[in-house]
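One structure is given below, encoded as structure tokens.
The values are calculated or read from the model by the stated rules, or taken from the named source; none is laboratory data. Keep in mind it's a predicted model, so treat the numbers as computed, not measured. FYI the Cβ positions are ideal-geometry reconstructions off the backbone, even for glycines, and counts take in every protein chain you see. Ligands, DNA and RNA are excluded from the accessible area calculation, which covers all protein heavy atoms including side chains. Shrake-Rupley method; radii C 1.70, N 1.55, O 1.52, S 1.80 Å.
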Amino acid sequence: MPTSRWLPYLLIAPASVFLAVFFAVPLVQTIVLSFDGGTAGFFGNYQRMLGDLNFNVSLRNTFMLVLTVVPLQMMLAIGMGLMLQKMQRGRDVVLWIWTIPLGVSDLAAGLVWLAILQNTGYLNTFLFHLGVIDGPTAWLNSETPVTLFIAVAVAEIWRSTAVVLVIIVAGLQLIPKEFGEAAEIFGASPWQKLTRVTLPMLKPSLQSALILRTVLAFEVFAAVYAIGGRNIPVLVGEAYVWQRDNQNYSVAAAYAVLIMVISLAATAVYLRLLREKPEARA
Amino acid sequence: MTQRATGSFKGWLYGSGVMLLCVWVLLPIGLIGLGAFGGRPAVYQWPKTLMPASLSLDQLAVFF
């Protein structure tokens, strides 16, 4: 019947049109714009980006944030997932509490942590009452890059560990209990059970979580901007500055393309490293 | 240490871990919530108090 033959295409048409209009077209436009260097030539915008004073710092900061935040989040989320798995009572309430930051936007999370870590914030009040500091102390300016970096990392970990947790919890629920029970019967310690049974079985979920989190971590911006402003430049922040302050959309597009290329490369690395062998799936 | 004592210590450790993580998630939200009802003076108040000196809903008026 002709209707049934076209039905699948008809059903995916709205999603395809949506993706084409809101993703594919802007993507192509951004790439074209990034290579529109005018008199500077085909790679003019990229040369300008590479020559930007903040380029190296922002690239280094972005990579350092990704390399710090993503592994810590993965470990924390796996720990939280295992705790939830063991829980007899109140599991749903605890899961609900732990996933609250999912509903908090990047900027709001940045403002939350700014309220805690600013000069007159709650952390300084706590330290003041302990007698560690004498008065308001600045942790978030360019003269304290280490504490500024830690503050941004903490805010990022607080805000987006829940994303990883949800994926890990879903993955843990798919692992048959019999595997763990069999490992216990054979005398496996809790550590052996985790490393030889749980984590290998969790590989597809870990892969998804790692890809999602890494890509989002490369796009970090609002929380960084709220906490440190331009004291801690990151790649997306520089794209924003080139677009909004410098009104140079082409260099901003070059930054955007660079972030996309880095994200795609990271995804390819994860897919290759965490690839499941066909015999393991059987 | 007996097996029962070990088990109860593990349970306590486990419960503490769960509670600590709940506090880690909820405390920042609680603090910003208090800040939202404390008005402008509470933002710059030093040292901060857990309960703002004057609670007000004025900040929410900006939404209307």
Practice task
Test B:Leu13 against the stated conditions and say whether it is among the hydrophobic types (A, V, I, L, M, F, W, C), part of a helix (DSSP H, G or I) and over 26 Å from A:Val104 (Cα atoms).
Solution key: yes
Practice task
State the number of residues belonging to the range A:110-136 that are aliphatic (A, V, I, L, M), open to solvent by less than 50 Å² (accessible area, probe 1.4 Å) and out of contact with any Pro (no Cβ under 7 Å at 6 or more places or on another chain).
Solution key: 5
Exercise for the section: Filter the range B:5-44 down to residues that are within 7 Å of chain A (Cβ to nearest Cβ) and more than 24 Å from A:Ile157 (Cα to Cα), then give me how many there are. Expected result: 1
Exercise for the section: Hey, can you tell me all the residues within the range A:47-87 that are touching a residue at least 24 places away in the same chain (Cβ under 8 Å), within 14 Å of another protein chain (Cβ to nearest Cβ) and either touching a His at 6+ places or on another chain (Cβ under 6 Å) or among the aliphatic types (A, V, I, L, M) (or both)? Expected result: A:Leu72, A:Leu76, A:Ala77, A:Ile78, A:Met80, A:Leu82, A:Leu84
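For the range B:37-64, enumerate the residues that are part of a helix (DSSP H, G or I), within 21 Å of A:Thr125 (Cβ to Cβ) and open to solvent by 40 Å² or more (accessible area, probe 1.4 Å). Give the derivation first.
Quick first cut of the range B:37-64, residues part of a helix (DSSP H, G or I) only: B:37, B:39-44, B:58-63.
Those still in the list that are within 21 Å of A:Thr125 (Cβ to Cβ) too: B:37, B:39-44, B:59.
The answer is B:Phe37, B:Arg40, B:Pro41, B:Val43, B:Tyr44, B:Gln59.
Filter the range A:1-43 down to the residues that are touching a Gly at 6+ places or on another chain (Cβ under 7 Å) and part of a helix (DSSP H, G or I) and list them by number. Walk me through it before giving the result.
If we filter the range A:1-43 for residues that are touching a Gly at 6+ places or on another chain (Cβ under 7 Å), which is where we start, we get A:37-38, A:43.
Across the range A:1-43, the qualifying residue is only A:Gly38.
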Practice task
May I ask you to verify whether A:Val164 is assigned to a helix (DSSP H, G or I), aliphatic (A, V, I, L, M) and over 16 Å from A:Leu84 (Cα atoms)?
Solution key: no
Problem - the range B:1-58, residues that are modelled with pLDDT under 85, aliphatic (A, V, I, L, M) and over 12 Å from the mean Cα position of the chain (by Cα) - result: B:Met1, B:Ala5, B:Ala36, B:Ala42, B:Val43, B:Ala53, B:Leu55, B:Leu57
Exercise for the section: Return the only residue of A:Phe18, A:Phe35 being open to solvent by 100 Å² or more (accessible area, probe 1.4 Å), under 28 Å from A:Ala252 (Cβ atoms) and either of a type outside the set (Lys, Arg) or modelled with pLDDT of 90 or more (or both). Expected result: A:Phe18
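Going by what's in this entry, would A:Ile150 be described as open to solvent by 40 Å² or more (accessible area, probe 1.4 Å), part of a helix (DSSP H, G or I), more than 11 Å from every other protein chain (Cβ to nearest Cβ) and not hydroxyl-bearing (Ser, Thr, Tyr)? Break it down stepwise before answering.
Details: open to solvent by 40 Å² or more (accessible area, probe 1.4 Å): yes; part of a helix (DSSP H, G or I): yes; more than 11 Å from every other protein chain (Cβ to nearest Cβ): yes; not hydroxyl-bearing (Ser, Thr, Tyr): yes.
So A:Ile150 fits the description; yes.
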